[in-house]
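To start, the structure under review is shown below, and the notes come after it.
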Amino acid sequence: MIRKHSIQYILLALLAGNLAFTSCSDSMVEEKLFSQIGDGNLSDIEGARLLTNGIYGYVQYFSYFGGNNWLMNVSSYSDEFFCNWGGTPETGWGGAQNFLNMDAGHAMSETNWNSVYSLITQCNEVITKYGESTEPEIIQYVAEARFWRAFSYDKLYHLFGTVPLVTGSQDIKNGIARASQEEMESFIETELADVEKVLPETYSSTDYGRPTSWAVKATLARYYLNKKDWKKASIYAKEIIDKGGFNLVDYQDIFSKNQNDEVILAINHIAEANHGNKYVALVLEASIRDALGITGVSASNGYGMAVPFFRTFDPDDKRITPYNPATGKGIAVSGIVYKSDGTPVYGTPEEPKSVEEQLSRILTFKWEVQTNIPLGEDASLNVPALRLGEVMLTYAEAENELGHLEEAKTYVDKIRSRAGLENLPANLNMASMRDAILDERGWELYHEGYRREDLVRHGKLLEKVNEKYHYYFGKDMPWKNNNDRILQPIPTNALLLNPLLKQNPGY
């Protein structure tokens, strides 16, 4: 058996640097950064374990581990999210993200590129050093690294288009060109298909957060959905639903109870400085925090839900239920909020202002509010990278496109029932069911990083972001018909470092 060490404790051992290695003490809490892998002090198994564990510090970038992160950026690049840091006008730091207006010099373009390629580099270290091993434990570690590498390339592909496929075996001193679409898709698909056969179905709780074969299947279901290979998407999704052992749980429990039955793959967080989930601290605004009696949490006034997207929810939808400061439960903070003395937080008693008027967004505590946390920011709640609710909606979409409308409706209704909503109407045709599923995915999965890809797949990204733009500016987005804006620009620094890398059209 592979030596068990909690991924959460691994996070404690990771320090800043290009490669994250840990020593071989018995306690992961005591392990420190070092780079002597292969110096003769470690067995191959121990070295492979430590090098693989180093991946997980980089994986956190795909969560709300800091203010500038993948989920913030890709969610802003859709209709669901509003980044307040220069959120308007569209030329501001946040506004460029909110309204598809980033250029190659935007910091988030470079942060996305560098952070994900750093993860890929760590994966390549494992694969290059240990890829030829016949030791079963090491084979599994290599499969872990191959999963995260394919997962990362899939993310880059959907945000930037084709990118250089760096695998650790090429001579890239003179640069490396972008892969073709066929090469990109073949690589991702082949890697995932290979590791599906190697990774286990389950781990012990101490290894929670490592990818299982079910995580691979869920990633493939999503991959085939985006390719519009409806049959394969349906097959993978249905296998997870029927045989994976996952269950729908109360909606708020997904984001307040770690290791719940719905999550297929989690990005772990711990209540330690700079290793926690910063979502609530990044959403909060100081006056609202004080009025709600939330203590020991900073207020970055960073982001939340775009107002027009919030208004698409059914008022009875449990997925956007109002936050209750008396219980600390609930999600949305909107409308006029009052202080303990009865005066409004914003505006005057004669002319109170709502949250959305003052902040241009809705505050959303999708992850439960934890008080008195390290640095006022770092909560211990995991971020689901893959979960059953999303897989059910993937299955429903694929089945609808295959002409199986009743089967599609069955699984959308399961999601709606959990949200406290009525079933879909019985008379929907394929086109109206398609729209209903896209809406349901938005309401179910907001702020989890899916929305932009969903809108691109449906050919509606420009349309929906234009609706957001129109709400905030009272006019159409000047580039509402410019398909070049669907992909983000390759960052300037990447172009300067790699002479064979070409910019995306329109930038």
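Each value in this text was obtained by applying a stated rule to the coordinates, not by laboratory testing. Computed from a predicted structure; not experimentally measured. Because the Cβ atoms are built from the backbone with ideal geometry, glycine has one as well, and the counts that use them run over all protein chains shown.
A 27 angstrom limit on the alpha carbon distance is what I want to check against. Which of K228/K278; K197/K409; K366/K464 exceed it? Check vs 27 Å cut-off fails for K228/K278; K197/K409. The simple spin-label model puts a point 7 Å past each Cα toward its Cβ; for D316 and D261 those points are separated by 2.5 nm. Each residue of region 401-409 is assigned a 3J(HN,Hα), and the resulting list reads 5, 8, x, 9, 5, 5, 5, 4, 4 Hz, derived from the Karplus form 6.51 cos²θ - 1.76 cosθ + 1.60 (θ = phi - 60°), x at Gly and Pro. Full extension of the chain between A326 and S432 gives 34.1 nm of extra length, using 0.36 nm per residue less the Cα-Cα distance.
Counting neighbouring Cβ atoms within 10 Å and putting the fewest first, the residues V283, V333 line up as V333, V283. Sorted from longest to shortest, the spans of the Cα atoms of the chain along the three principal axes equal 75, 51, 48 Å.
Evaluated at q = 0.11, 0.16, 0.20 Å⁻¹, a Debye calculation over the C-alpha positions of region 352-462 (equal weights, vacuum) places log10 I(q)/I(0) at -0.48, -0.85, -1.10.
The residue list G86, F151, S213 was ranked by how far each Cα lies along the charge dipole of region 83-234 toward its positive end, using unit charges on Cβ atoms, and G86 comes out on top.
Of K232/K257; K353/K468; K155/K353; K329/K414, which sit over 30 Å apart, Cα to Cα? Where the Cα-Cα span goes over 30 Å, the pairs concerned are K232/K257; K155/K353. Dipole size of region 432-507 about its Cα centre, with +1 on Lys/Arg Cβ and -1 on Asp/Glu Cβ: approximately 280 debye, rounded to the nearest 20.
One decimal place: the segment A193-D290 gains 29.9 nm when fully extended, by the rule 0.36 nm per residue minus the C-alpha distance.
The DSSP beta bridges internal to the chain are antiparallel in roughly 90% of cases. Going from the residue with the fewest nearby Cβ atoms within 10 Å to the one with the most, T212, T371, T295 rank T295, T371, T212.
Distance between the modelled labels on E350 and K243, one decimal in nanometres: 7.1 nm (7 Å Cα→Cβ projection).
Model label points for N493 and D341, set 7 angstrom from Cα along the Cα-to-Cβ axis, are 4.7 nm apart. Remark: the chain carries a charge dipole of roughly 480 debye about the Cα centre, counting +1 on each Lys and Arg Cβ and -1 on each Asp and Glu Cβ. Residues whose amide H comes within less than 5 Å of that of Y303, counting only those at least five positions distant or on another chain, are N84, V283 (H built at 1.01 Å from N in the peptide plane). Taking θ as phi - 60° and the Karplus parameters 6.51, -1.76 and 1.60, the scalar couplings of region 178-184 work out to 5, 5, 6, 4, 4, 5, 4 Hz in sequence order, x denoting glycine and proline.
Of the residues I138, V59, A266, the one whose Cα sits farthest toward the positive end of the charge dipole of the chain, with +1 on the Cβ of Lys and Arg and -1 on the Cβ of Asp and Glu, is V59. Placing +1 on each Lys and Arg Cβ and -1 on each Asp and Glu Cβ, with no other charges, gives region 279-380 a dipole about its Cα centre of roughly 220 debye. Centre-to-centre, using Cα atoms only, region 403-429 and region 126-172 are separated by 38 Å. A cut-off of 5 Å between modelled amide H atoms, ignoring neighbours fewer than 5 places along the same chain, links I267 with V383, A385. For the chain, the longest principal axis of the Cα atoms and the long axis of helix 107-130 meet at an angle of about 30 degrees. By the equivalent-ellipsoid construction on the alpha carbon gyration tensor, region 279-380 comes out with semi-axes of 20, 17, 13 Å, ordered largest to smallest. With unit charges on the beta carbon (Lys/Arg positive, Asp/Glu negative), name the residue among A286, L359, T371 whose Cα is farthest towards the positive pole of the charge dipole of region 279-380. Final value for the positive-end residue is T371.
Near A179, the amide H atoms lying under 5 Å from its own belong to V163, L165; only residues 5 or more places off or on other chains count, and H is placed 1.01 Å from N. Where a ≥ b ≥ c are the square roots of the eigenvalues of the C-alpha gyration tensor, would you call region 110-250 rounded, which needs a/c under 1.5, or, failing that, prolate if a/b is larger than b/c, or oblate? It comes out oblate by the Cα gyration axes.
Overall shape: prolate for region 176-273, with the ratio a/c of the largest to smallest alpha carbon gyration tensor axis at 1.5 or above and a/b above b/c. Sorted ascending by nearby beta carbons within 10 Å, beginning with the fewest, L438, L386, L461 become L438, L461, L386. Taking a straight Cα-Cα cut-off under 18 Å and skipping sequence neighbours fewer than 8 places away in the same chain, the aspartates and glutamates within cross-link reach of K502 are D103, E110, E182, E183, D484.
Applying the Karplus relation 6.51 cos²θ - 1.76 cosθ + 1.60 with θ = phi - 60° to region 242-254 yields 3J(HN,Hα) values of 7, 10, x, x, 8, 9, 5, 10, 3, 4, 5, 5, 4 Hz, where x marks Gly and Pro. For N423 and H458, FRET efficiency with R0 = 22 Å and r from the beta-carbon atoms, rounded to 0.05? Rounded to the nearest 0.05, the efficiency is 0.45.
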